[in-house]
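The next block holds one structure in the form of structure tokens; read it before the comments.
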């Protein structure tokens, strides 16, 4: 039986991992992720979850343990935040390159220096090119559902998946959600399978040094070079979008929730102005949109649910004919612009009637994102008839600066 | 206020690190959720919590799903787990006129003059000891004051949720503390006659 | 103390697990170890290997020079990855031996954090460090175990600091088993592996591994030089079980000798030590003499 | 189960000889065994076999007349150095070059 309960986002994630029957958990404490792995260690110690908990000495080792376990044929899980994610960066690339179907929760937090324990998206954005699928949850229900779907996606396409959710806004916040029934989850999520499981009876040497060029194997069959392997990762990561939609459809049939695996629009149908954001920030815009709609402005908000692979065509189709797209994000590529903004701009470039684009940087290192500020900046952007120079239009606006 | 589905009730809790303000807010969140509120969001102070330092926690309650998780700026109710915090923190910041201020204090109600607000006072610390708790355990007791003055959830539901939260940690004594406080809480109406929040 | 059957060259298995025509250098000490070590470990093993000469020796995609299942991993995480493989074996109910096999850089330097963690948790793995006393795979840079005075490409006038005593660092974690070996005594290594397989918990084996290009010697001298290091008492073969240290035969027999050959003989066999001054060599000799004086006290009093 | 639409290319190598090609070509000196001195060959009894034990490249056989696989022998000379009866001589490969400048 599914169960309705109220709990923290970290506990929601832990319960999803328990339902997914991950068998090896390795993690290193870091705020605000810590309670998630505390919960898993507690579930395992209490015998409520049948798994190995490995208390490792670093995040680098945490993902190392998962790489070992997953390569040896067992479903593994880890979680981290911020500098912990950066510390395991090398392992992220490694897991993707060896096509390990891992799932990791990243409880998003700003990166030091200076130290900040508060939320933004810079940690995840810094790893966008690692070859991991990156999805962003907006509430506890999505944490649970996305985590379960992430395991299935990872294991179908053999690409690791990072489930992102906002530190504190979700991790430490209590809100209601529904926990699916264990038996139905078992039916939804088949048993773990890795294409190259380490096995003394079928020995293979995994992740061997690979030459720039294709090379014949001992049977004279041509095998890929490094670039071919990486091209395949890219191609299949693009193809994973489709699989993600299929998984969502199946999930919806079984659990009654879903339908917005890639884009989650709110009042976007006839909108002239569309806000694009990820995570809780997108939800925070609901009230703002309602208010501006009441004032007669045709505004909507589009939550981007999956950031890598970037749903280039899907989002461009959705936005190509609106007047303006306003990208609000909690991170940026320093010295340039918001990473999401730049991605969106490039996705829309081939379309002749592409909309105006504006970029807003908010909430870095946990800076309060006032709903009133969102309302004011959005309203101003919508009413702004006289446009500035291309460079001015393209320059990100920082909201909430205090100096 | 419960009849309007759009209405959100926002409660801000002030305590000290280690006093259990988060646990108290969690219990109330659970109780309101179980009483049929579909939107309940309890967000603790974000960041580095340290024992003894003032902390605050926010609880938003609504019939509908809550999308805005930003911190509470204009609370309807403020709960203070230790009256000494009144000297350190302006707990009434943003509190709507006519809003409710609940204080754990050994002093009588008349010593806590807030003309714009309804004020509820109980000696939660003392009643907790009477209920059989260790000195300084106030988080279960203060829920009784909120139950009495807030009118959101009945004391039976609150008691059930307290018992569930404190499993293995003197659940009966904690429930008794809440019930003693419920009975002892004294309430004064705003003297400046502001509208009810 | 656990004992294992004494293997000799005649009863040593002729089953081979490493193919000829691999990429190891001519006269490679590691190759001797790997070849003989696999005979002891047998087929029911999974290897975890960080970047090292072994990575290259084991073959370039799509050809593997070894017949074992191998997981090549990142440099710093050998012991962590091995932990994960072991956890998976436990979940799958398999007794498969998990063997981490790394160089001195991967063990003493970049990999020491993960090793220390695995030691503290007493993971049920065999961790083998083949110590050729510098980063040989990348062209002979100093490592934490490069001996004082040793020439490398990053210590062009000789290393100033003393090398880390890694087996002692490991032993301070109190793991199930610690042993030192030499590539020049492959049968001693073979039998220590047989013993390690019988012990649960973390088994650590540290092997001094001569490397002709790195040490500056003729390829044919690999075995001779390794033996010289032991004969002069510089490097000793021992086992530590239940916290008790015991010298292995090639070193134990030195206890009976009144005087050991001078370290100079060993040093002069290799160009890497040509920058050492007479004073430095004298200090080195003093340290060795003191160590053996202590050993005689420790082991001959029993 | 992986989705059949996905090829999942990785670097997973399978076992076989000669990853580095015919490493016999690395040799500058060739080991030549004098069976009249070699202990097992001379006595006809399994004995010694140190050339087999120490060979890093698995190219010496553990037979009464030890054989060296010259296809892969890298010519390190450890066998010659360790042979207790000096039965193995390292001979310059130049001597085995067929023909001469005319060819």
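What follows is calculated from the coordinates using simple rules that are stated; it is not laboratory data. This structure is a prediction, so every number in the text was calculated from the model and none was measured. No Cβ is skipped: glycine too gets one built from the backbone with ideal geometry, and neighbour counts run over all protein chains shown.
Using the Stokes-Einstein relation with a Kirkwood hydrodynamic radius computed over Cα pairs, the translational diffusion coefficient of the protein assembly as shown at 25 °C and a viscosity of 0.890 mPa s comes to 76 µm²/s.
Based on DSSP, what percent of beta bridges with both residues in region A:198-341 are antiparallel, to the nearest 5?
Numbers: 6 of 15 bridges.
If we restrict to bridges inside region A:198-341, about 40 percent are antiparallel.
With semi-axes defined as the square roots of five times the eigenvalues of the C-alpha gyration tensor, the equivalent ellipsoid of region A:66-110 measures 20, 11, 7 Å, largest first.
Semi-axes of the equivalent ellipsoid for region D:54-103, computed as √(5λ) from the eigenvalues of its C-alpha gyration tensor and ordered from largest down, come to 25, 13, 10 Å.
In peptide A:133-142, how many Cβ atoms from other protein chains are near each Cβ within 10 Å, on average?
Values: counts 0, 0, 0, 0, 0, 2, 5, 1, 1, 0.
The mean count of partner-chain Cβ atoms within 10 Å per residue comes to 1.
So how do C:62-69, B:134-141, A:177-184, A:387-394 stack up, highest first, on mean other-Cβ count within 10 Å?
In descending order of packing, they fall as C:62-69, B:134-141, A:177-184, A:387-394.
Taking Cα atoms only, the orientation of helix A:34-45 departs from the longest principal axis of chain A by about 30 degrees.
Estimated purely from DSSP H runs of n ≥ 4, each contributing -39500 (n - 2.57), the mean residue ellipticity at 222 nm for chain A is -12500 deg cm²/dmol once divided by its residues. Axis angle, to the nearest 10 degrees, between helix A:339-348 and the longest C-alpha principal axis of chain A: 80 degrees. Averaged over the residues of C:209-222, the number of partner chain Cβ atoms lying within 10 Å of the residue Cβ comes to 3.
Between the C-alpha center of region A:305-371 and that of region C:167-241 there is a gap of 58 Å. Take every DSSP beta bridge whose two residues both sit in the protein assembly as shown; close to 40 percent of them are antiparallel. With a bin width of 10 angstrom, please list the P(r) values of region B:49-160 as percents of all Cα-Cα pairs, from the 0 bin to the one holding the largest distance. P(r) over region B:49-160, rounded to whole percents: 13, 42, 36, 9, 0. A convex hull fitted to the Cα coordinates of region C:181-231 yields 78 cubic angstrom per residue.
Can you give the direction-averaged projected area of the convex hull of the alpha-carbon atoms in region C:181-284, in nm²?
On the way: hull surface 31.3 nm².
Over all viewing directions, region C:181-284 projects a mean Cα-hull area of 7.8 nm².
What's the long-distance tail for chain D, i.e. % of Cα pairs beyond 22 Å? Working shown, then result.
Values: 2380 of 5253 pairs.
Summing the P(r) tail past 22 Å for chain D gives 45 percent.
Please say if region C:1-95 is rounded, prolate or oblate, where rounded means a/c under 1.5 for a ≥ b ≥ c the square roots of the C-alpha gyration tensor eigenvalues, and otherwise the choice is prolate for a/b larger than b/c and oblate otherwise? It comes out oblate by the Cα gyration axes. Sorted from greatest to least, the principal axis extents spanned by the alpha carbons of region A:263-398 come out as 34, 34, 31 Å.
Distances between every pair of Cα atoms in region D:1-41, grouped in 10 Å steps from 0 to the bin holding the largest one, split as 17, 21, 22, 17, 10, 10, 3 percent.
Show me the three semi-axes of the equivalent ellipsoid for region A:87-135, from the C-alpha gyration tensor (sqrt of 5 times each eigenvalue), largest first, rounded to whole Å.
Numbers: eigenvalues 97, 23, 14 Å².
Semi-axes from the Cα gyration tensor: 22, 11, 8 Å.
Annotation: Cα Rg of region A:1-138 relative to the compact-globule expectation 2.2 N^0.38 Å equals 1.00. Computed over chain B, the range of Cα coordinates on each principal axis works out to 40, 36, 34 Å, biggest value leading. Treating each Cα of region A:146-264 as an identical point scatterer and summing with the Debye formula, the log10 of I(q)/I(0) at q = 0.17, 0.23 Å⁻¹ comes to -1.03, -1.41.
When the helix-only estimate is applied to chain B (DSSP H runs of n ≥ 4, each -39,500 (n - 2.57), divided by the residue count), what is the mean residue ellipticity at 222 nm, nearest 500 deg cm²/dmol? Before the final figure, lay out the partial values.
Numbers: 5 runs with 58 residues, N = 197.
Helices in chain B give a 222 nm mean residue ellipticity of -9000 deg cm²/dmol.
Relative to the longest principal axis of the Cα atoms of chain C, the long axis of helix C:278-300 makes an angle of roughly 70 degrees.
Under the definition of partner shielding as Cβ atoms of other protein chains within 10 Å of a residue Cβ, what is the mean value for peptide A:89-99? Mind showing how you got there, number by number?
Numbers: counts 0, 4, 6, 0, 1, 5, 1, 0, 2, 6, 8.
Across the residues of A:89-99, the mean count of other-chain Cβ atoms within 10 Å is 3.
On the principal axes of its alpha-carbon atoms, region A:112-187 has extents of 46, 32, 14 Å, going from largest to smallest. Taking the DSSP bridge list for region A:263-398 and keeping only pairs wholly inside it, about 20 percent are antiparallel. The convex hull around the C-alpha trace of chain C, projected and averaged over every direction, spans 15.2 square nanometres. For chain C, adding -39500 (n - 2.57) for each run of n ≥ 4 DSSP H residues and dividing by the number of residues yields -10000 deg cm²/dmol at 222 nm. Whole angstrom only: what separates the Cα centroid of region A:75-119 from the Cα centroid of region C:40-93? One Cα centre to the other: 24 Å.
The distance from the alpha carbon centre of region A:242-291 to that of region D:78-95 is 76 Å, rounded to a whole number.
How much of the calculated P(r) for chain A lies past 42 Å, in percent of all Cα pairs? Counting every Cα pair in chain A, those more than 42 Å apart make up 13 percent.
The calculated FRET efficiency for the pair residue C:294 and residue A:231, based on their C-beta separation and a Förster distance of 51 Å, comes to about 0.25.
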